[in-house]
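One structure is given here, and the rest of the page talks about it.
The values are calculated or read from the model by the stated rules, or taken from the named source; none is laboratory data. Only a predicted model underlies this, so the values are computations on that prediction, with no experimental measurement involved. Reconstructed Cβ throughout: ideal geometry from the backbone, glycine too, with neighbour counts over all protein chains shown. Areas reflect the complete protein model, heavy atoms only, side chains present, ligands, DNA and RNA absent. Shrake-Rupley method; radii C 1.70, N 1.55, O 1.52, S 1.80 Å.
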Amino acid sequence: MTSTPTHPLLRPLLLAGTAVLVLALGAAGSRAQEQPAQSIDEAGWQGVLGVRDPVSTAQRYIVLLRPPSLAQQVRAAGGRASEREMQGWAAGSVAQQEQFLARLNATGARVAPEYRYTRVVNGFSARLDPTSAALIDADREVVGIYPVRIAYPAQAAQEGGVLPSAVADLEIAGLDGTGVTVALLDTGVDPSHPYLRRRVLSGVDVINPGSGGVAQPHPTIPGRPERHGTELAGIVAGTEGPDGLHGIAPGASILPIRIGGWQPNSEGGYSVYSRTDQILAGLEAAVDPNGDGDVLDAARIALIGMVEPYAAFADGPLPRAIAGAADLDMLTIVPAGNDGRAGPGYGSIAGPGGAPDAVTVGAADGRLAAPTVRVLVRAGLRVLYEEDVPLGGAPSGTVTADVTIIDRRTAARGIRALFTEGGVSLVAGRTVLLPRVVLSDDTVEEVTSAGALSVIVDGPLPAGAFSLDVPAGVPVVGLASEVVAEMRVLLAAGVPVTVSIGNVQVAQREAGGEIAAFSSRGLVLDGALKPDLAAPGVSVPTSEPGRGNDGEVRFGTISGTSAAAAVTTGVAAILAQGRPQLGARELHGLLVGSAQRADLDPTASGAGLVDLRAAVQQELVASPALVSFSAIAGPVGGVRPLRITNVSTRQLVVSIGNTAIAPKGVELTVDPARVRLRPGRSAVVAVRANTSDLSDEAGAATGELVLRVGDSPEVHVPWTVAVPPQVDLVSRLAIVTTGTRVSDATPAALSFVAGSVVADPDPQVRALELLEVQLWRGGERIGVLAQRRELLPGRYTFGLTGRGPTGDRLRRGAYTIRLVAYPGDGTRRQFDTIEYRVR
């Protein structure tokens, strides 16, 4: 089979993926263990801004069980249940899990759950050795075992300049979100900040129970608080800020749920991150904050501020949990991710952004002016670089200084490492070169506070700086990696390098905005269109935790898809206040259906820009909010139902038209194309895609259905048909023996590449929903040695111990290992084989 092409930005994703695993296949008593992930080139995993230190999730899994969750039982009861019924169902789920675990442990499995889930899904998370994983996966009560991944704050860059309100045109007189509770699943929040003091409820700490969801300081470095949760809380519900600054829904209440923050990384230090199992625990807490078993105190809206890069699966633990939350009438809003441009099809959307019931939000850049500066880099009389680059800071004049490199280890030790034992600054009066992997608000603030005149980072930055606490006159710019590499070589050889930064130049931009370069875009891994919509996500002013050097309250700005998701959350809170009779999925439909296209690419913006005024006036809700035909090959076509609901108080006649944006040979028809609806009533229409002329070029056919009612605002329903790239989803099989005889102690290593990253020239990511490792002999299948779900592109290694699917020793002779790859987009499975000899 052909080798899989790579893209420079995603090569680490292909080569290391989620982890390099060594598992005993089918060996119930095997001692082979899963190995930790290999180190990867973190630069390939970086978003526009944000440290993604390596973190091991070795042997961490989420196990989903077949008995119904509380959400499923409430749905089966028609959405109505008493407090006593819900508490009984929750208690029953706990008892069922106890029986399941006792039975498993009696068979030799070693399972000690770290988190238990009963409300939005039924399951638990735990560290599982290969033996326990095999036993659990084969159990009749188990839906599946899913890997735990790392999630990072979906933050990009920041820029100074506080404005009277977070974003323009997102206010409605008389509506401010009062009475609506927003669960903020992120780092902790600083409840003492005056901007938030009246809005923050006592919260939940999933990581270290007992803190109440309060932002925590760095365990070893003073002055490094958790920032992200405080920033998002300010965007949603801040009030009485400087110059009239306020959040989108200043009357809403924030329920902080700390699902991320300072936690140990793989290098012996601490990084800000979350994990899949912690996010899932946060959703459980959001629907039942007091943990009493009923969901009468559930938050109305949940905002998840952290994302799993590239992992936009549609049917794993988090998507199922978000669907369960919707069944309990809680709307979940998530960022699209900050990994930027991708190919025309399967792209860079982060998890849980692939969840159909999540409102996935991209970041729009609506600024009318973008600041740049002229940067000159010299080594003696030799000019290494001279270009205009986006400005990260706000210099008061030109700056010229020699370059000093601050390495990753020094930056990780905090501001104390920037001074000698005698208190002399190592960076005062100089330009500091920071590696991108340590780029954060904290590191920039520390080097500038230590006296640096300017800051350079490895790799380009968008126009935007860090926080308003960066000393006035300090510019922050990003340079091309090849320029930085040459600077490093010269400095290592003792050749001085000088950087000059000129005066600020302002480039005017067209009104209407565009999607920010850092904003991730779809399709997602099942071929569906994401994000759902876009919202302002560049240079959004908000609160910062803690106090400045003089004790003053801190404010700053934040950019990223998390900022855009927070803006959308504020809009949703206002809608929930103004239309309290609508459920979570109806709110979802209002947000998407009222968005304005504004000539934006649907694979980057979904339905378009969020529009509060149109949403408030909208009389129809469509479900689903986006119609996906997934991947369709040839003339088969497809049919999808679309439910249209009248949420007004008058009778409506609805006509349904279709606008093709990028048709690629797809024709859509709707039957019936006209419906009459009384107040509160619904009708289901059939949406048919004719793909007989579908282009075979990889990408997506896109368009939108338009629902029209007289003088009422139009309702837009984006649709998509995916055309996947033709690639190998399993390849490069090899078996290497580690001893003269294959055994539990010396297994043979089966290695392969699962999934694919295609350069087109922008990357397209294709992952696997399921991978089966089958054992064959003489043309007959003996059984399945192992199966793994949700595999991102990467090289994986499994251990073959000479045992069969039941754990018995195999007879000597020749066998065949067949790897069967199941993509999640509906296309055909693929397989590859390799011979395997037991001696």
(Q) Filter the chain for me: DSSP H helices, axial length by Cα at least 18 angstrom, mean Kyte-Doolittle hydropathy not below -1.0. List them by residue number. (A) 83-106, 561-578
Q) R0 = 41 Å: FRET efficiency of residue 87 with residue 639, Cβ-based, nearest 0.05? A) 0.50
Q. What would the Debye formula give as log10 I(q)/I(0) at q = 0.10, 0.12, 0.16, 0.18 Å⁻¹ for the alpha-carbon point model of the range 180-300, no solvent?
A. -0.30, -0.43, -0.73, -0.89
Q) Accessible area of residue 664, 1.4 Å probe, to the nearest 10 Å²? A) 50 Å²
Q.
With every atom except the alpha carbons ignored, what do you get for Rg and Dmax of the range 585-658, in angstroms?
A. 14.1, 44
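Take every DSSP beta bridge with both residues inside the chain and express the antiparallel ones as a percent of the total, to the nearest 5.
Details: 136 of 177 bridges.
Roughly 75 percent of the beta bridges in the chain run antiparallel, per DSSP.
For the range 550-696, report the translational diffusion coefficient in µm²/s to the nearest whole number, using Stokes-Einstein at 10 °C, 1.306 mPa s, and a Kirkwood Rh over Cα pairs. Kindly include the intermediate steps, with their values, before the conclusion.
Details: Rh = 17.5 Å.
Here the translational diffusion coefficient equals 91 µm²/s.
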Q. P(r) tail for the range 695-809, what percent of Cα pairs lie past 24 Å?
A. 51 percent
Q: Report the calculated FRET efficiency for residue 683 and residue 483 (r = Cβ-Cβ distance, R0 = 51 Å), to the nearest 0.05.
A: 0.25
Q) Out of these labelled values of mean projected area of the Cα convex hull in nm², (1) 36.2; (2) 52.5; (3) 46.2, which was calculated from the coordinates shown here? A) (1)
Q) For the range 810-839, list residues with backbone N below 14 Å from a point placed 7 Å from the Cα of residue 776 toward its Cβ? A) 815-821, 830-836
Q.
If I take every Cα pair under 8 Å that is 6 or more residues apart in the chain, average their sequence separation and divide by the length, what percent do I get for the relative contact order?
A. 15 percent
(Q) Starting from the 7 Å offset along Cα-to-Cβ, what nm value, one decimal, do you get for the label separation of residue 649 and residue 110? (A) 6.6 nm
(Q) At 0.36 nm per residue, and after removing the present C-alpha to C-alpha distance, how many nm does the segment from residue 56 to residue 402 gain when stretched out fully? (A) 120.7 nm
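According to the Cα gyration tensor, what semi-axes, each the square root of 5 times an eigenvalue, does the equivalent ellipsoid of the range 229-278 have, listed from largest to smallest in whole Å?
On the way: eigenvalues 188, 33, 7 Å².
Ellipsoid half-lengths, sorted descending, are 31, 13, 6 Å.
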**Q.** Spatial extent of the range 789-839: Rg and Dmax, with the Cα atoms as the point set, Å
**A.** 13.8, 40
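Tally Lys/Arg at +1 and Asp/Glu at -1 over every other residue whose Cβ is under 13 Å from the Cβ of residue 125; what's the total?
Local net charge: +2.
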Q.
Suppose we keep just the alpha-carbon trace of the range 622-748; what are its Rg and Dmax in angstrom?
A. 23.1, 80
**Q.** For the range 678-729, convex hull volume per residue from C-alpha positions, Å³
**A.** 142 Å³
